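The values are calculated or read from the model by the stated rules, or taken from the named source; none is laboratory data. Only a predicted model underlies this, so the values are computations on that prediction, with no experimental measurement involved. Note that each Cβ is placed from the backbone with ideal geometry, even for glycine, and that neighbours are counted across all protein chains shown. Heads up: the accessible areas ignore ligands, DNA and RNA and are worked out on the full protein's heavy atoms, side chains in. Shrake-Rupley method; radii C 1.70, N 1.55, O 1.52, S 1.80 Å.
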Amino acid sequence: MEQDDVNQGRMPRVDRGARSGSIGLLIALALSFVVAAAALAVIKPDQAAPYVQVILGLLAVVGVFALFAGAIGLVRFGSRAPGPTLSGVFLEDFPEGVVVTDAQGRIIYTNAAYARLTRATAIADLKSVERLFAANPDAGEEMFRLGEAVRARACAEAELRTRTPIGAEEGGARWYRLRVDPLPPVSDRDDGDRLTAWRIVDVTGERERQESSFQELQQVVTFLDHAPAGFFSADPSGRLTYLNATLADWLGWDLAKFEAGSIRLKDIVQGQGMALIQDAAADGRTRVLDLDFVKRNGQSLPVRLLHKVPTGPSGKPGDSRTLVINRSSGEDASEALRAAEVRFQRFFNNTPIAIAAVGPDGAIAQTNASFLELFGGMVRADASGARGSLIDTVTPGDRTKLAAALAAAVEGRGDIEPIDAQLVDDSVKKRSARFFVSSVESGVGEGEAAIVYALETTAQQELEQRFAQSQKMQAIGQLAGGIAHDFNNVLTAIIGFSDLLLASHRPTDPSFQDIMNIKQNANRAAALVRQLLAFSRRQTLRPEVTQFGDTLADLHMLLGRLLGEKVGLEVVHGRDLWPIKADTSQLEQVIVNLAVNARDAMPSGGKVRISTRNLPADEKLPFKTPGMPSADYVLIEVADTGTGIPPEIIENIFEPFFTTKPVGQGTGLGLSTVYGIVKQTGGFVYCTSEVGKGTTFHILLPRHVETAAEAAKAAAEAAKPDQPQAAAADLTGSATILLVEDEEAVRAFASRALASRGYTVHEAGTGTEALEVMEETGGAVDLVVSDVVMPEMDGPSLLRELRKQRPDLKIIFVSGYAEDAFAKNLPEGEQFHFLPKPFTLKALATAVKEALGR
């Protein structure tokens, strides 16, 4: 069959895959008959007869079976050339060369295309693929990889380059694509499970076309890179995916170092130009934009963009196609009109004021970048290019006055008042703006009736509201402080004279109990005054470095009793809480006041949660914190599940005497005290509430960082030995004291109290009188006890005058205000003692004894 192909001029091919029968079986069958005949010949005829009959019977059965098998086509007699099969015809006409090899690499089958490709003219010229490329050093690596795939029974593919065509000495380089595929087992072959099909095809023409296309593409890219205009493409996230050499040169970027996505569009667009680009991306049309780019050295580059964002296969915006025209003076200086237009566009789009031209009905026409940035999606152009009406950008309550202003502009009026309006905004933050409307002369712009200028006033209004609230709280604080000061003078006299009366009455005296009631009620009044002073931040604090977690743990039992059985208490301690510097007793008062308020907000029961944690400076809180500088704080939160606070009154909750409780059930000083203590400590307090769900108070106290001096002082205190407990102090004395007090009742009580303890007392109603007494006595005064706020000359001024005569004179300041309120008016490092009003007889005597140091 193979030789006939050669004789008939066909391409040589090999097909050893279809064989019927076996010569070995035929020889074995013949030998078996010879052996049987020989065996029968050596035995007697009568003994061989049964065997002969058996053999003849078997042969008869086989013959009959063969006749029936031949009749039904199961067995074929004789040799008949097989006809063409579908697979054979397909492989013979297959355009790729196909060769099938066995496990030893011997050729089992080849088609005509393989012979043509390898230029084989006879069967002997047919070689396996490995032998075809064995002499090609450039193909060694790829052939090794394909050989490994054959051994692993895996598919593989490779492209090889030869210097000349296969089977030829010359003809130029060629490219061949090779592929190996393991074949499934063949039933009529012993080695059928290791057959491999190789395919080979000449792809030189395809390679040449690819190289030609690549060169053409490179040429197009070169043309685009060095075009006299810039070009860039940006993805939907605003990152540049392509930048041509011209634009890179204008901007000062090294194109060799450019990587897709490494430059953001907003990095090269100056001012509010990004708002124009984002607006142009909404409608998919080619838009002309005049704006400024910023060079790498920070200089501006006026450009005109022809910008288009096509729609991607998914329906979403794809990468932009943007042509950039340089409009700097170096390019267009010869055209005066063009230069003027460039200057106008730069001013128009870079101004921080939002500007738009509107029609008689408020329809928005031309806008600048600031306008698009301020109004955002509210004025985004639709598919037809329409931007909607300016009137729709404000809330319904403000639309009437804005429409009236536009109507006045249409009429040509020039005295249109600015309009303050709240913007329609999807964000949580309510934004507002001030609109300035001016008329347009007829014929200036087609369809334009007015020019509208808009400034966002959101931050300004918030600042004004905060300033007004601060001024109100400050005024209330000054009023409360003044009232507290006057009350302290009255209460000092009441408590003092009560002490004098109690000293002269025995407990068995009928009037003793009445005097005690007077003093107790005076002390209650003094507690209310202290709350007023706390709000006005004029109370005396004794700050110390403390761990608030310990303070809260000590309060746990007290809070449980205050809240009662209906209200549950949960305390969550933050880990490694930072230290704070505060008056511990006052902080306890803050927590108690908030807990009591929470209890009263839950008449049917509920839960109070008190939590603490550290708040680093870079952490953002989910609620507004106006006026709070960025720093490290300790956050204390007191939350309840009560009725909540209505939004209309939440701004008033810290005002003194403001309360929503029924008459007789609250003084209205609880939260004002909290506010004052926290503020005086240097912290901040905010409230968030939702009606029907509960209220949370957020207290932020600054983190205390220990200084070197504080550390040294603490170490010195720790090194001191424990002092034995002192016996009851002797409050008597014999020193000379100058008492300066403008309130006659307070002065009378203090004078009698000190005189009763053995002191010599000189009285003065003002600072001027005190100086006169010092002159009269020749300065023979051991101690000065002086009020702070007095007519003619206050306490600090008196001290400065006394220091001129007696630099070592000891003094005690007495005041209803906090110590810090007047200490700042004294020279730095001034030594003095302080006694807050109202005070008792014992407190006065103790302060004098300590100041004298006797």
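Put simply, when 150-163, 687-700, 32-45 are sorted by average Cβ atoms within 10 angstrom per residue, most first, you get 687-700, 150-163, 32-45.
First select every other residue whose beta carbon is under 9 angstrom from the beta carbon of ALA354; then total the charges, Lys and Arg +1, Asp and Glu -1.
Working: positive: none; negative: GLU373, GLU456.
Every neighbour counted, the sum reads -2.
Work out the FRET efficiency for MET516 and VAL596 from their Cβ-Cβ distance, taking R0 = 25 Å, and round it to the nearest 0.05. Efficiency computed from Cβ-Cβ geometry: 0.35.
Could you rank the peptides 55-66, 244-255, 737-748 by their average count of other C-beta atoms within 10 Å per residue, with the highest value first?
Numbers: 55-66: 10.9, 244-255: 17.8, 737-748: 21.1.
Descending mean neighbour count gives 737-748, 244-255, 55-66.
The protection proxy used here, the mean number of other Cβ atoms lying within 10 Å of each residue, ranks peptides 98-104, 207-213 as follows, highest first: 98-104, 207-213. Placing unit charges on each Cβ (+1 for Lys and Arg, -1 for Asp and Glu) gives segment 161-273 a dipole about its Cα centre, and among ALA256, SER213, ALA168 the Cα reaching farthest toward its positive end belongs to ALA256.
Which value results when the Cα radius of gyration for segment 594-646 is divided by 2.2 N^0.38 Å? Kindly include the intermediate steps, with their values, before the conclusion.
Numbers: Rg = 13.9 Å, N = 53, 2.2 N^0.38 = 9.9 Å.
Normalised by 2.2 N^0.38 Å, the Cα Rg of segment 594-646 equals 1.40.
Summing charges over all other residues whose Cβ lies under 9 Å from the Cβ of THR492, with Lys and Arg as +1 and Asp and Glu as -1, gives 0. Computed on protein heavy atoms with a 1.4 Å probe, the accessible areas place HIS226, HIS505 in the order HIS226, HIS505, largest first.
When the label point is put 7 Å from the Cα of ALA260 along its Cα-to-beta-carbon vector, which residues of segment 291-331 have a backbone N closer than 19 Å? Only 308-323 pass the distance filter. Less than 5 angstrom separates the built amide H of GLN366 from those of ALA357, all sequence-distant by 5 or more or on a different chain. Charge tally around SER233: other residues with Cβ under 9 Å, Lys/Arg +1 each, Asp/Glu -1 each, net -1.
For an R0 of 35 angstrom, estimate the FRET efficiency from the Cβ-Cβ distance between THR508 and LEU558 and round to the nearest 0.05. Each step should come with its number before you reach the end.
On the way: r = 36 Å, r/R0 = 1.03.
Given R0 = 35 Å and the Cβ-Cβ separation, E is 0.45.
Calculate, in nm to one decimal, what VAL705 and THR846 gain on full extension: separation in residues at 0.36 nm each, minus their alpha carbon distance.
On the way: separation 141, 0.36 × 141 = 50.76 nm, distance 3.44 nm.
Contour length minus Cα-Cα distance gives 47.3 nm.
Calculated from the alpha-carbon coordinates, segment 116-170 shows an Rg and a Dmax of 12.3, 36 Å respectively. Taking amide H positions as modeled 1.01 Å from N, with prolines and chain starts lacking one, the residues under 5 Å from VAL785 and 5 or more places away or on another chain are LEU738, LEU739, VAL740, ILE812. In the structure shown, the pairs LYS620/LYS679; LYS308/LYS430; LYS257/LYS308; LYS679/LYS849; LYS810/LYS837; LYS316/LYS693 are assessed against 31 Å; a Cα-Cα span above that value is assigned to LYS308/LYS430; LYS679/LYS849; LYS316/LYS693. First measure r as the distance between the Cβ atoms of VAL35 and ILE72, then evaluate 1/(1 + (r/R0)^6) with R0 = 30 Å and state the FRET efficiency to the nearest 0.05. Working from the Cβ atoms, E equals 0.35.
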